[in-house]
């Protein structure tokens, strides 16, 4: 009932303002033109407004780049990341170059060739030369960008698997991640969601001998400068494994295995000591100091890599994340040697 009354009140206010506008029209001086056809004065006014809007648009664009550039990610922490970032900035540069020119021409021509009494427009029904120019240039530029991007895409999606490649399964479910490493046999055991029962949360096949030395953890550790091949599985709905600092993302699809690979190049300790991250962490901690609802430990922030879900997969999607630790090969080996195997897990 309340909603209905609100709708009635809004409708009545609309009618009231409409009637008031009619009163203002009737009260205009006799020498004021009320024709609906634009005259030279109207065209001059609109032309100047168009130029003013162009200045406002460019000022807003410059301000946005200046003020929002602080939200850029730091340099990529994966081997392919430099190519990824370079391609993105080349694309942005081309788009901005074209946008600045076309917007300027659009607004300037709108002002220069504004309507004047007695002036007739000159137009071409078609112009093969112009059409060829504005068709072939985008085709060449886009073809170049696509070919450039295909090399990076191929490097991520079709990594060369060698004896040194670390194979890790990333398992997604509402609303968390698990990672599974192969043991000494360097082969992941078979798995299927139908095998999920009790402590076997990933559905690893207990009859598969290759599975007994697999290691299941809820914190992802990666050795620096060593290629990693990720295999993704989902237990329930569509998720998306997003590694922002490594410039990689892959959909995790129920019923199938998706994969990609990259080589981490910056350890967690190294990125914490970069100028970018030192300033960012300092700023965050300054903000947290003012939060009275946080404990002393919560107010002290330290950067960590995280694996995030980039698909809206349910009510706790925002909190679906797993910490990533990039470390030296020796540190990684010490960590992996102290983890419980799947065989030990099911036999305890």
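Numbers for the structure displayed
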| item | result |
| --- | --- |
| Contacts under 7 angstrom Cβ, first residue in the stretch 48-73 being closer than 27 Å to residue 279 by Cβ, partner surrounded by 11 or more Cβ atoms within 10 Å (Cβ to Cβ), 6 or more apart | 73/244; 73/245 |
| Evaluation of residue 265 against (1) free of Cβ contacts under 8 Å to residues at least 12 places away in the same chain; (2) crowded, with 18+ Cβ neighbours inside 10 Å (one fails), failing number | (1) |
| Number of positions in the stretch 201-218 that are assigned to a loop (DSSP other than H, G, I, E, B), under 32 Å from the mean Cα position of the chain (by Cα) and under 10 Å from residue 180 (Cα atoms) | 2 |
| Matching option when the condition is surrounded by 10 or more Cβ atoms within 10 Å (Cβ to Cβ) and either outside any helix (DSSP H, G or I) or in the same structural domain as residue 271 (by TED's automatic domain parsing) (or both), among 114, 86, 120 | 114 |
| Meets criteria (exposed (fewer than 11 other Cβ atoms within 10 Å of the Cβ) and either touching a helix residue (DSSP H, G or I) at 6+ places or on another chain (Cβ under 6 Å) or in contact (Cβ under 8 Å) with a residue 12 or more places away in the chain (or both)) for residue 285 | no |
| The stretch 138-171, subset touching a strand residue (DSSP E or B) at 6+ places or on another chain (Cβ under 7 Å) and in a helix (DSSP H, G or I), residue farthest from residue 84 (Cα to Cα) | 157 |
| Residue 94, sole failed condition from (1) part of a helix (DSSP H, G or I); (2) over 29 Å from residue 243 (Cβ atoms) | (2) |
| Extreme residue, modelled with the lowest pLDDT, among residues of the stretch 34-71 that are surrounded by 10 or more Cβ atoms within 10 Å (Cβ to Cβ) and not in a helix (DSSP H, G or I) | 38 |
| Residue in the stretch 176-196 that is more than 23 Å from residue 318 (Cβ to Cβ), out of contact with any strand residue (DSSP E or B) (no Cβ under 7 Å at 6 or more places or on another chain), in a strand (DSSP E or B) and at pLDDT below 90 present | no |
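The values are calculated or read from the model by the stated rules, or taken from the named source; none is laboratory data. Note that the structure is a prediction, hence the values are computed from the model and not measured. Reconstructed Cβ throughout: ideal geometry from the backbone, glycine too, with neighbour counts over all protein chains shown.
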